[in-house]
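Worksheet: the structure to be examined is printed underneath.
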Amino acid sequence: MAALKTNAMRILDAKRIAYKHYEYDENTTDGLLVAQLLGQPREKVFKTLVTVAASKQNYVFVIPVGETLDLKKAAKTVSEKSLAMIKQKELLPLTGYIHGGCSPVGMKKQFRTVIHSSAKEQETICVSAGHVGNQIEVSVGELSQLIKAEFAEIIV
């Protein structure tokens, strides 16, 4: 059986960006446990969060799995008055991804994306491959360039 190829992986392949693919039990939803299963330090495994501003604009934030997004800091970073997490049922129609399998690569639309500044301390980070139970490890520089991300202090 061939390994699963997600949209995010196809985009990385097309851009000739090297990555390492990991698979784990898709019933595992705890990010810290995922890091453990991947054999990665928690500082290298990131989750992708999608928000909506009072202006109705959507923003994507990529933060370490053990951390919590600071909505006030995040809003200030993107020059918005306030942000809220989007409702789970709105995630798939908006991004093409489901909760637990949301990748910063290959969303239906390229939203303004901010990666927590701690990622710059890593050569590579792991993010969702766009399918529950799948992660990709990719160069921070190449990832941020591909998704046109900026870096900021956005956690509690």
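Yes or no, residue by residue, for (1) outside any helix (DSSP H, G or I); (2) farther than 13 Å from ALA129 by Cα; (3) within 16 Å of the chain's Cα centre (by Cα); (4) hydrophobic (A, V, I, L, M, F, W, C):
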residue	(1), (2), (3), (4)
LEU4	yes, no, no, yes
ARG10	no, no, no, no
ASP13	no, no, no, no
ARG16	yes, yes, no, no
TYR22	yes, no, yes, no
ASN27	yes, yes, no, no
ALA35	no, yes, yes, yes
PHE46	yes, no, yes, yes
Notebook entry, point to check: For segment 61-98, which residues satisfy the criterion of being in a loop (DSSP other than H, G, I, E, B), within 21 Å of ILE11 (Cβ to Cβ) and open to solvent by 30 Å² or more (accessible area, probe 1.4 Å)?
Noted result: GLY96, ILE98
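Which members of segment 114-156 meet the condition of being β-branched (Val, Ile, Thr) and in a helix (DSSP H, G or I)?
Of all residues in segment 114-156, those β-branched (Val, Ile, Thr) come to 114-115, 124-125, 127, 132, 136, 138, 140, 147, 154-156.
Correct list: VAL140 only.
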Check: Do we find a residue being open to solvent by 20 Å² or more (accessible area, probe 1.4 Å), under 22 Å from LYS5 (Cα atoms) and modelled with pLDDT of 95 or more anywhere in segment 114-124?
Finding: yes
Notebook entry, point to check: Of everything in segment 22-49 that's of a type in the set (A, V, I, L, M) and over 23 Å from LYS5 (Cβ atoms), which residue is least open to solvent (accessible area, probe 1.4 Å)?
Noted result: ALA35
Notebook entry, point to check: Taking GLY133, is it within 25 Å of LEU4 (Cβ to Cβ), open to solvent by 10 Å² or more (accessible area, probe 1.4 Å), touching a residue at least 40 places away in the same chain (Cβ under 8 Å) and not aliphatic (A, V, I, L, M)?
Noted result: no
Margin query: Return the residues of segment 142-156 that are under 18 Å from HIS21 (Cα atoms) and open to solvent by 40 Å² or more (accessible area, probe 1.4 Å); say none if nothing qualifies.
Written below: GLU142
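The values are calculated or read from the model by the stated rules, or taken from the named source; none is laboratory data. This one's a predicted model, so the numbers in the text were calculated from it and none came from an experiment. When we count neighbours, we look across all protein chains shown, and the Cβ atoms used for this are built from the backbone with ideal geometry, even at glycine. We work out accessible area using only protein heavy atoms, side chains counted, and drop any ligands, DNA or RNA first. Shrake-Rupley method; radii C 1.70, N 1.55, O 1.52, S 1.80 Å.
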